[in-house]
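Step one of this worksheet: look at the structure below.
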Amino acid sequence: MSLSGPLFYIFVTLVWLAVRAMHGNTLKAIGLLGASYLFYATFGVKSLCCLVLCSLGNYALGALLRRNPSATLLTVCAFLNCVLLAAFKFLPERAGSHVGALPVLIHPVGISFWTFQSLSYLFDIYRGEELDPSLLEFCLYLSFWPTVLSGPITRLGDMLPQFRKIPRAGFDDLAAGVRLVVLGLFMKVVLAQLMAAGIRQGEGVDFGFDAASPIWGGLDTWSLAVGYGMQLYFDFAGYSYLVIGVARLFGIKVPDNFDRPYVASDPSSFWTKWHMSLSFWIRDYVFLNLARLRQSTAWLYVCLVISMAIFGIWHGATWNYVVWGIYSGLILVIHRLIQRARRGERTNSWYRQALGWSTTFAFISLGWVIFRSHDMRQAGRMLFSVLSPHSYLHLSLPYDYYLLTFVVTAGYFLQAIFRAMVSRQPRVARLNAILVPMYYAIAIVSITVFSAKQSPFVYFRF
Amino acid sequence: VSPVVSDRSDRLDRRSRLGRPQPAVCVLRKHNSRDLYTPVFTLVLVIGLGHWLSHGAVSFNPLKAAQNGRISFQSRLSYSGENLTEREMSLAKDVDESNFPQGSTNVLYLGDSQVLGIFDSHGSELTSPQWLQVLCSRDVQESRPVRVRVGALPGAGMAELLAEASARYHAGERIGVIVLSLLPDELHNIGFRPDVVKLLRANGNARYLHKVVSQNEDLRDVESTLSPALLATPSVPLSSTKRWVTSTEDKVDDLADHWPLFRYRDKLRSEFSVAVIRLRNWMFRIERQQAPPVPQNSFAYSSEVLELLIRVARSHHTDFIIYEGPLLPWGMGYYSDEDLTRTKRVLDRLCKQYNLHCFDYRNLIPLAEWGDRLDRGSRSDVSAEPVDFVHLSGEGHRLLGQRLFHDIRTQIVEAEVGQSDVAR
């Protein structure tokens, strides 16, 4: 079921009305679980079976772990979940074109997300946290339909109190929910799609990366790196806002996943703003556990690199993701080294901030080249072009692509500046009575127009 | 403590209170009428804006959006010159038919709008494929019936032409000769329009073409660019659940079509693209007197698609004929010298490598047969500069058709007679 199609919103409305009509918390939870399973079944009944079995299995493991919180049992639990993830996510990916030889393999949607949710539950129990969900609550936690497909990765501790007393959504919840849904759709359906496909079909980021021609100039690589970073942000952050908004319509608050990441002035800060639910998961369950093993600065840096490598592998079983993770870890280490070297310096001048921001933005963007490339050979070729001054002399991409990337990137930063200014100007805020409805109207109309399944052909020679 | 996320380090501490019963966060405040201002005003604006936009979109034609309105893409069948017989008229009309009849020598004519569009049509001209059909029917018709079919699309990209040809091969049609009109535009445009996507979806055409692509792994650009596009085209049978979801989504979409903004969203999206490009042209003072250079990646990709098209034709024993399309003999020229040079270079290589019949018609059509007259309808202040850089007049089409027939007559005569594989 497409999250941007009218069917999804009919489904949301029907579930909302049904849950609102239900009395009693258990009944509401059953209603939400039923809706979650129904929604998930639209992506394949086999996938649903996998999700249900995973929920039952992890609930049983959790009960065992609660009774006998041993490191061995935790290791077994973690191993089983990792095997599940590897079998259903990585094997079909690795099978690639040989899928015909592995016909029984399915790829349950969102398995990386709900496996990590299961793992966090098991780790939290091992840590002795007071988590005692009923089977219904646990199943709802893993399959909660707004987040089951692509996160955010929630923690049972955040969700359990809300599932135990499912609130009756008030006007504020509805308003906030609709606001987030519109924002999310606008980012995902309009902006991300525009970046991916281009103004004219086939002239966007996708073509820039997918054309395997060995011709990429330095400027091409930079614009593709920035363009893909923007596309990824609009797509994933837009999706996150959308699902957070849908959950909010039911009065349930799901933690944020993005917080204007590209305004971060250092890499550490960037990872607190980008895919927050995963980066906090990695920090809490990987990095901190590793860091406690030895008390040395060098080990801390090794832990950073290992954690970020796991962060990378989580996205898929390819060398690109591993290298991207290690690259991101190394950037964090370099940032830590610079911080150590500057310890004691109190000045935090604007130019230092600007330098920090631009360096962070540049290095994070270059990382996206590794992330998005088909293989390391392509990534290497593209990154090499950045270091080759003469390659800047030729442009290989459609000119409209450079323009689009520039306008969208500039727009992103301008709205960040505008937002900061408006919040300090009460006079401007008064205009909101006109500006806000106009913004929503334009956003809704744009979403409708861009919800077309494919951009129609435009006969335009320029 | 965390060097990764120092300002969120309190989050782990908060974990200690997980699981404790917490009061539900639900502040129910009674809303007042002011709260309804934004949603109601937004709704009014959406309805008003949607109505206004969709009203304008009804008459919007993406094919003509960027043109001067003086090009006709429709075949004119009331031609009165040269004493065409009823039968010849009927054959000329049939070039737009989709399928070849059985038992004829089949000629597939590929190209872009230059093949289809007539500048300043008076309603009584034929296009070059129609001329080719008429001349073939006069000359070689008696002994071997020849049927010409047009696989050209306005603004066609090479991948779209490949899709068109491969769908015909997949359907079992036997094509004796393929004629390709080549201009740098075909090496520029790279996307698939919805009609072509529909064609690929039908009859497992995408899967067939994907198989063809995977058999030509040495064409790396094709493999990396075309394969993902084809795989994204659902040609694999869907599970019953997904089929149900897809059909329900389609039904809901049909219902939503009652809202004009939703119904015309395709057109509105193309209007958006045209508006953005016009804005860009206005901002950067881009004049429509020279085509934008073909990006290197597009050129490399499209050249490989052309090579694949030739290989596909070869594997079906089809004679492949390429001609370099006529160019407007005016001033600095519409296409850049670089694009023309490298197109020529690629063509020379392919013609040599595959032993093709290649013809150079760049200078075939005199200036008088181009759109070099005042466009009084829309631009009264324009001087006597060309208003169209690509499309020929009816007389231009006649010259092109005659020359083409003269040059490829032997190939047509020698081509094998088509017999539908399906029929056999």
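Using modelled amide H (1.01 Å from N, peptide plane; none on Pro or chain starts), what sits under 5 Å from the amide H of B:V146, excluding residues fewer than 5 places away?
Answer set, sorted by chain and number: B:T105.
At 0.36 nm per residue, and after removing the present C-alpha to C-alpha distance, how many nm does the segment from B:R311 to B:D139 gain when stretched out fully? Let's see the in-between values first.
Numbers: separation 172, 0.36 × 172 = 61.92 nm, distance 2.98 nm.
Value of the extension gain: 58.9 nm.
What is the mean number of Cβ atoms from other protein chains located within 10 Å of the Cβ atom of each residue in peptide B:271-279, rounded to a whole number?
Working: counts 3, 8, 11, 5, 0, 7, 7, 2, 0.
What the average comes to for B:271-279 is 5.
Evaluate the distance, in nm, between pseudo-label points positioned 7 Å from the Cα of A:L435 and of B:S336 along their respective Cα→Cβ axes.
Result for the modelled spin labels: 4.1 nm.
Classify the stretch A:1-90: rounded, prolate or oblate, from the alpha-carbon gyration tensor (a ≥ b ≥ c, eigenvalue square roots; a/c under 1.5 rounded; otherwise prolate if a/b is larger than b/c)? Don't skip to the answer; put the middle values down first.
Numbers: a/c = 3.85, a/b = 1.65, b/c = 2.34.
Oblate shape, in that a/c is at least 1.5 and b/c is the bigger or equal ratio.
For the stretch B:88-101, just list the computed ³J(HN,Hα) in residue order, Karplus coefficients 6.51, -1.76 and 1.60, θ = phi - 60°, integers in Hz, with x standing in for Gly and Pro.
Coupling constants for the stretch B:88-101: 5, 4, 5, 5, 4, 5, 6, 4, 8, 5, 7, 9, 7, x Hz.
Going by a ≥ b ≥ c, the root eigenvalues of the Cα gyration tensor, does the stretch A:324-456 fall in the rounded group (a/c under 1.5), the prolate group (a/b larger than b/c) or the oblate group?
In terms of gyration-tensor shape, oblate.
So what's the gap between the Cα centers of the stretch A:335-396 and the stretch A:212-245, to the nearest angstrom?
Here the two parts' Cα centres lie 15 Å apart.
Rounded to the nearest 0.05, what FRET efficiency is calculated for A:F413 and B:S33 with R0 set to 41 Å and r the Cβ-Cβ distance? Could the numbers behind the result be given before it?
Numbers: r = 38 Å, r/R0 = 0.93.
E(calc), rounded to 0.05, equals 0.60.
Subtract the Cα-Cα distance of A:R377 and A:I442 from 0.36 nm times their separation in residues, and report this length gain in nm to one decimal. Mind dumping the intermediate values first?
Working: separation 65, 0.36 × 65 = 23.40 nm, distance 4.26 nm.
Working it through step by step, the gained length comes to 19.1 nm.
Applying the Karplus parametrisation 6.51 cos²θ - 1.76 cosθ + 1.60 with θ = phi - 60° to the phi angles of the stretch A:52-60, what ³J(HN,Hα) value in whole Hz is obtained for each residue in order, glycine and proline being reported as x?
5, 5, 4, 5, 5, x, 5, 5, 5
What is the spin-label model distance, in nm, from B:D407 to B:T85 if the labels are put 7 Å beyond Cα along the C-beta direction?
The two pseudo-label positions are separated by 2.9 nm.
Taking only the alpha-carbon atoms of the stretch A:102-205, what semi-axes of the equivalent ellipsoid follow from 5 times the gyration tensor eigenvalues under a square root, in whole Å, largest first? Please report the intermediate quantities before stating the final value.
Numbers: eigenvalues 211, 101, 26 Å².
Each semi-axis is √(5λ); the values are 32, 22, 11 Å.
Place a label point 7 angstrom from the Cα of A:S134 along the Cα-to-Cβ direction, then list the residues of the stretch A:160-179 whose backbone nitrogen is under 18 Å away.
Backbone N within reach: A:160-168.
Within a 10 angstrom radius of each residue's Cβ in A:367-378, how many Cβ atoms of other chains show up on average? Whole number is fine. Display every interim value, and only then the final one.
Working: counts 0, 0, 0, 0, 0, 0, 0, 2, 0, 0, 0, 1.
Going residue by residue through A:367-378 and averaging, the value is 0.
Peptide A:168-180: average number of partner chain Cβ atoms within 10 Å per residue?
Working: counts 3, 2, 6, 7, 6, 4, 3, 4, 0, 0, 3, 1, 0.
Counting other chains' Cβ atoms within 10 Å and averaging over A:168-180 gives 3.
Across the stretch A:131-188, how large is the tail of the calculated P(r) beyond 15 Å, expressed as a percent of all Cα pairs?
Details: 1000 of 1653 pairs.
For the stretch A:131-188, the fraction of Cα-Cα distances above 15 Å is 60 percent.
Among B:Y354, A:Y301, which comes first, then next, by fewest other beta-carbon atoms within 10 Å? List each step's numbers first, then the result.
Numbers: B:Y354 15, A:Y301 18.
With the sparsest Cβ surroundings first, the list reads B:Y354, A:Y301.
Tell me, what is the FRET efficiency for B:N216 and B:N363 to the nearest 0.05, using R0 = 41 angstrom and their Cβ-Cβ distance as r? Display every interim value, and only then the final one.
Values: r = 34 Å, r/R0 = 0.84.
Once rounded, the FRET efficiency stands at 0.75.
Give me, ordered by chain and number, the residues 5 or more places off A:G217 or on other chains with an amide H under 5 Å from its own placed amide H.
So A:G217 has HN proximity to A:S396.
What distance in nm lies between label points placed 7 Å from Cα along the C-beta direction at A:A87 and A:A18?
Here the answer is 3.0 nm between the modelled labels.
When B:Y323, A:Y399 are ordered from fewest to most other Cβ atoms inside 10 Å of their Cβ, what list results? Write out the running numbers ahead of the final one.
Numbers: B:Y323 23, A:Y399 16.
By the 10 Å Cβ count, ascending, the order reads A:Y399, B:Y323.
So how compact is chain A: Cα radius of gyration and Dmax in angstrom?
My reading of the Cα-based Rg and Dmax gives 23.3, 71 Å.
Name the residues whose placed amide hydrogens come within less than 5 Å of the amide hydrogen of B:F359, ignoring near sequence neighbours (fewer than 5 apart) on the same chain.
B:I322, B:Y323, B:E324
No lab work stands behind these numbers, since they all come straight from the coordinates. On a predicted model such as this, the values are computed, not experimentally measured, just so you know. Ideal geometry is used to build each Cβ from the backbone, glycine not excepted, and the neighbour counts take in all protein chains shown.
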